[in-house]
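Trainee: Okay, handing you the structure first.
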Amino acid sequence: MSEPVILVEKSGAIATVTLNRPNAMNALSRDLRLAIAETFEALEADADIRVAILTGAGKAFCAGLDLKELGSDAGAVGGGGVNATVGDKDPVTSIGRFSGPVIGAINGVAITGGFELALACDVLICSENARFADTHARVGILPGWGLSQKLSRAIGIYRAKELSLTGNFLSAQQAEDWGLINRVVTAEELLPVARKLAEDMLSVVPECLPAYKKLINDGFAESFGEGLKTERKVSNAANKAVTPDAIAERRAGIQSRGKEQTA
């Protein structure tokens, strides 16, 4: 019996999703793309899961589309395959539909489609073994899961053009220096750090977690002026439900946390 192409481990409100094609560097075969989409659809439908961690088995996070599979199917790129999954069963779109935070635990290379998977996450924690590359132009295709737009917004248009128009690799340290990722940790620390971050997120007021993520994402997709209008509209509606007693009750916890984190 063959191994499943994706593994899901649930612990409390946290789901750890592991791409499980280590012998193929977790390349995105048709089966794996579908499994990612269906997994995140299932997690969104599970009221008990509020944060997800996405990582890869073995030495790679994800080497991108399975070029061996694509090369053996004349219709895999243009007429079917990749483009046909855009929308309902596109893995990046399905990750984006998960209302809770998605923490990318990038354990190794994230190349092309794998880079796009990483950019679909809300927070990126990398091991020192992580590297990023956009090799679309070297393969002879153009991105369709958002990389051409997200990368320039994350690191600036000039740096994005350098990466995408050369296909050169970006180290974990350089990615941190450029502001692409949150931090670099050792390989041994990667999942523990990701889980601790997930636990920190779960400690906020529950309804604020998905609402704040949506507010950030919605505003980021707009101009700055429109984003400010969106914030004002959403916060005015949401904050009416917050009572002075609730704020007073939470104040002590915030003060205590502040002391712990500065000790």
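Trainee: Does the stretch 59-103 hold any residues that are assigned to a loop (DSSP other than H, G, I, E, B) and modelled with pLDDT of 75 or more, and which are they? Working first, answer last.
Mentor: As a first pass, look at the stretch 59-103 and keep what is assigned to a loop (DSSP other than H, G, I, E, B): 59-61, 63-64, 66, 72-80, 85-90, 98-101.
LYS59, ALA60, PHE61, ALA63, GLY64, ASP66, LYS89, ASP90, PHE98, SER99, GLY100, PRO101 - these are the residues of the stretch 59-103 that are assigned to a loop (DSSP other than H, G, I, E, B) and modelled with pLDDT of 75 or more.
Trainee: Moving on to the next point. Select from the stretch 42-67 the residues that are in contact with a Ser or Thr (Cβ under 9 Å, 6 or more places away or on another chain), surrounded by 24 or more Cβ atoms within 10 Å (Cβ to Cβ) and farther than 24 Å from VAL139 by Cα and list them in ascending order.
Mentor: ALA52, ILE53, LEU54
Trainee: Working only within the stretch 15-24, note down all residues that are of a type in the set (A, V, I, L, M, F, W, C) and surrounded by 21 or more Cβ atoms within 10 Å (Cβ to Cβ).
Mentor: Residues of the stretch 15-24 of a type in the set (A, V, I, L, M, F, W, C): 15, 17, 19, 24.
ALA15, VAL17, LEU19, listed by residue number.
Trainee: Based on what the data block shows, is ALA42 touching an Asp or Glu at 6+ places or on another chain (Cβ under 9 Å), part of a helix (DSSP H, G or I) and not aromatic (Phe, Trp, Tyr)? Walk me through how you get there before you give the answer.
Mentor: Working: touching an Asp or Glu at 6+ places or on another chain (Cβ under 9 Å): no; part of a helix (DSSP H, G or I): yes; not aromatic (Phe, Trp, Tyr): yes.
Considered against the rule, which asks whether it is touching an Asp or Glu at 6+ places or on another chain (Cβ under 9 Å), part of a helix (DSSP H, G or I) and not aromatic (Phe, Trp, Tyr), ALA42 comes out as no.
Trainee: Now for a separate question. Check off (1) surrounded by 14 or more Cβ atoms within 10 Å (Cβ to Cβ); (2) at pLDDT 95 or above; (3) in contact with a helix residue (DSSP H, G or I) (Cβ under 9 Å, 6 or more places away or on another chain); (4) of a type in the set (Gly, Ala, Ser) for ALA172 and give me the number that stays unchecked.
Mentor: Unmet for ALA172, out of (1) surrounded by 14 or more Cβ atoms within 10 Å (Cβ to Cβ); (2) at pLDDT 95 or above; (3) in contact with a helix residue (DSSP H, G or I) (Cβ under 9 Å, 6 or more places away or on another chain); (4) of a type in the set (Gly, Ala, Ser): (3).
Trainee: Right, something else. Within the stretch 158-181, is even one residue assigned by TED's automatic domain parsing to the domain that holds ALA105, polar (S, T, N, Q) and under 16 Å from the mean Cα position of the chain (by Cα)?
Mentor: Initially, the stretch 158-181 is screened for residues assigned by TED's automatic domain parsing to the domain that holds ALA105, giving 158-181.
After this cut, where a residue has to be polar (S, T, N, Q) as well, the list is 164, 166, 168, 171, 173-174.
Those still in the list that are under 16 Å from the mean Cα position of the chain (by Cα) too: none.
No, the conditions are met nowhere in the stretch 158-181.
Trainee: Taking into account only those residues within the stretch 216-237 that are acidic (Asp, Glu) and assigned to a helix (DSSP H, G or I), which is nearest to the chain's Cα centre (by Cα)?
Mentor: Restricting attention to the stretch 216-237, the residues satisfying the condition of being acidic (Asp, Glu) are 218, 222, 226, 231.
Right, trim to assigned to a helix (DSSP H, G or I) and you get 218, 226, 231.
Numbers: ASP218: 16, GLU226: 25, GLU231: 23 Å.
Step by step, filter the stretch 216-237, then rank; the result is ASP218.
Trainee: A follow-up question, please. Just to be sure, is VAL185 of a type in the set (A, V, I, L, M), over 25 Å from THR93 (Cα atoms), out of contact with any Cys (no Cβ under 6 Å at 6 or more places or on another chain) and modelled with pLDDT of 95 or more?
Mentor: Values: of a type in the set (A, V, I, L, M): yes; over 25 Å from THR93 (Cα atoms): yes; out of contact with any Cys (no Cβ under 6 Å at 6 or more places or on another chain): yes; modelled with pLDDT of 95 or more: yes.
When the stated conditions are applied, VAL185 passes them.
The values are calculated or read from the model by the stated rules, or taken from the named source; none is laboratory data. Fair warning: this is a prediction, and the values are worked out from it, not measured in the lab. Counting neighbours? That spans all protein chains shown, and the Cβs are built from the backbone with ideal geometry, glycine included.
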